[in-house]
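Undergrad: I am attaching a structure below and will ask some questions about it afterwards.
Quick note: the coordinates plus some simple rules give every number you see, no bench work behind them. This structure is a prediction, so every number in the text was calculated from the model and none was measured. Don't worry about glycine lacking a Cβ; one is built from the backbone with ideal geometry, like all the others, and counts go over all protein chains shown.
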């Protein structure tokens with residue numbers, strides 16, 4: 001029995017020194033330390049040992065078991081630590097991963113460019129709420145309750161116990177708020193989201209972005225409005241662009257005009273983008289209607305001013321030759337990565 005114990009001890013010690021992997025460790029455990037392992041088989045033979053030798057033999061078996069279990073646990077931990085270290089290494093043979101860098105949305109890029117141009121000629125930037133009361137969104141802008149011009153804009157109405165509210169249909173209400181809180185001169189642009197209850201299609205969306213401008217002071221003329229719009233168009237579309245002002249109608253300006261620019265895609269010769277007319281409609285503008293001044297406490301005999309407004313999506317569609325407004329809102333990286 002003593003010989004078998006020594007033989008098992010030598011064999012197990014040699015096997016411990018050969019353990020390199022988790023599989024080696026498991027095989028050692030099964031062979032020597034499991035319920036049916038070599039050590040357990042020696043304990044089974046203890047019943048056949050003479051009574052006077054059992055205490056000594058039993059002590060040797062217990063010491064061997066404790067020693068093997070202790071050494072095995074130490075070796076197992078080293079193997080697991082090495083496995084963990086190996087798995088955390090960087091495999092230099094693996095192809096590198098492309099790192100994608102974020103960038104501004106094309107609408108943000110377009111809005112930033114518009115703001116840069118107007119800031120360079122002295123305009124400030126104003127902001128206001130997107131949920132507006134009927135007074136600021138319509139009435140103070142010369143839209144009486146029964147005025148047919150209200151039908152020009154399909155409105156989202158917001159239920160409220162405190163009054164009649166809407167999702168603003170344009171950024172013009174901010175013009176009223178600016179004039180209510182500031183004495184002339186006032187020179188600001190107003191970028192922001194607006195909402196219309198329109199069917200979503202390639203050419204229209206239920207929300208979009210506008211930039212409106214307002215300049216009110218003494219002796220502001222239509223010529224100054226035309227000069228401002230001309231400067232913007234040449235900065236935004238290129239110095240060769242030509243302008244065309246067409247009479248139009250807006251409740252809060254009089255006279256009013258639509259502004260077209262010569263098609264910068266075809267040079268005015270006619271193409272798919274300009275519908276073969278040679279012109280692209282880009283914004284609306286006009287001199288502030290004197291009725292608007294009455295709502296904000298300005299003296300219509302002392303001041304005059306102009307206002308203009310443009311859709312950021314429309315300018316971006318024209319500038320980049322995009323044929324579907326929905327692309328701006330779908331967050332498709334294949335589209336956005338082009339900008």
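Undergrad: Report the calculated FRET efficiency for residue 13 and residue 94 (r = Cβ-Cβ distance, R0 = 51 Å), to the nearest 0.05.
TA: 0.80
Undergrad: Just how far, in whole angstrom, is the range 15-29 from the range 58-78 if you go by their alpha carbon centroids?
TA: 14
Undergrad: Sort 94, 176 so that the residue with the fewest other Cβ atoms within 10 Å of its own Cβ comes first and the one with the most comes last.
TA: Listing 94, 176 from fewest to most nearby Cβ atoms yields 94, 176.
Undergrad: Separate question: In nanometres, what is the gap between the two model label sites at residue 326 and residue 200, each 7 Å from Cα along Cα-to-Cβ?
TA: About 0.7 nm, to one decimal.
Undergrad: Moving on to the next point. Determine, for 308, 339, the number of other Cβ atoms within 10 Å of each Cβ, and report the residues in order from fewest to most. Display every interim value, and only then the final one.
TA: Numbers: 308 21, 339 14.
Exposure proxy ranking, most exposed first: 339, 308.
Undergrad: Output the relative contact order of the range 114-214, whole-number percent, from Cα pairs under 8 angstrom with separation of 6+ residues.
TA: 30
Undergrad: Which percentage, to the nearest 5, of the DSSP beta bridges contained in the chain is antiparallel?
TA: Roughly 95 percent of the beta bridges in the chain run antiparallel, per DSSP.
Undergrad: Could you put 205, 249 in order, starting from the residue whose Cβ has the fewest other Cβ atoms within 10 Å?
TA: Going from least to most buried by this count: 249, 205.
Undergrad: In whole percent, what relative contact order does the range 207-289 give with Cα contacts below 8 Å and a gap of six or more residues?
TA: 24
Undergrad: For Rg and Dmax of the Cα atoms in Å, one of (i) 20.6, 63; (ii) 40.9, 128; (iii) 20.3, 67 was computed from the structure I shared and the rest are decoys. Which label?
TA: Checking each listed value against the structure points to (ii).
Undergrad: Ok, one more. Compute the angle between helix 54-87 and the longest alpha-carbon principal axis of the chain, please, reported from 0 to 90 degrees and rounded to the nearest 10.
TA: Here the helix axis deviates by roughly 30 degrees.
Undergrad: Separate question: Looking only at the range 67-83, which residues have a backbone nitrogen under 20 Å from a spot 7 Å from the Cα of residue 40 in the C-beta direction?
TA: Residues 67-73 qualify, since their backbone N sits under 20 Å from the label point.
Undergrad: Between residue 60 and residue 207, what is 0.36 nm times their sequence separation minus the Cα-Cα distance? Round to one decimal in nm. Could you put the intermediate results ahead of the total?
TA: On the way: separation 147, 0.36 × 147 = 52.92 nm, distance 8.57 nm.
Length gained between residue 60 and residue 207: 44.3 nm.
Undergrad: Enter the Cα centre distance for the pair the range 127-194 and the range 283-335, rounded to the nearest angstrom.
TA: Centre-to-centre (Cα) distance: 13 Å.
Undergrad: Find the relative contact order for the range 107-336 and round it to a whole percent, using C-alpha pairs within less than 8 Å whose residues are 6+ positions apart. List each step's numbers first, then the result.
TA: Working: 431 pairs, mean separation 45.8, N = 230.
Computed value for the range 107-336: 20 percent relative contact order.
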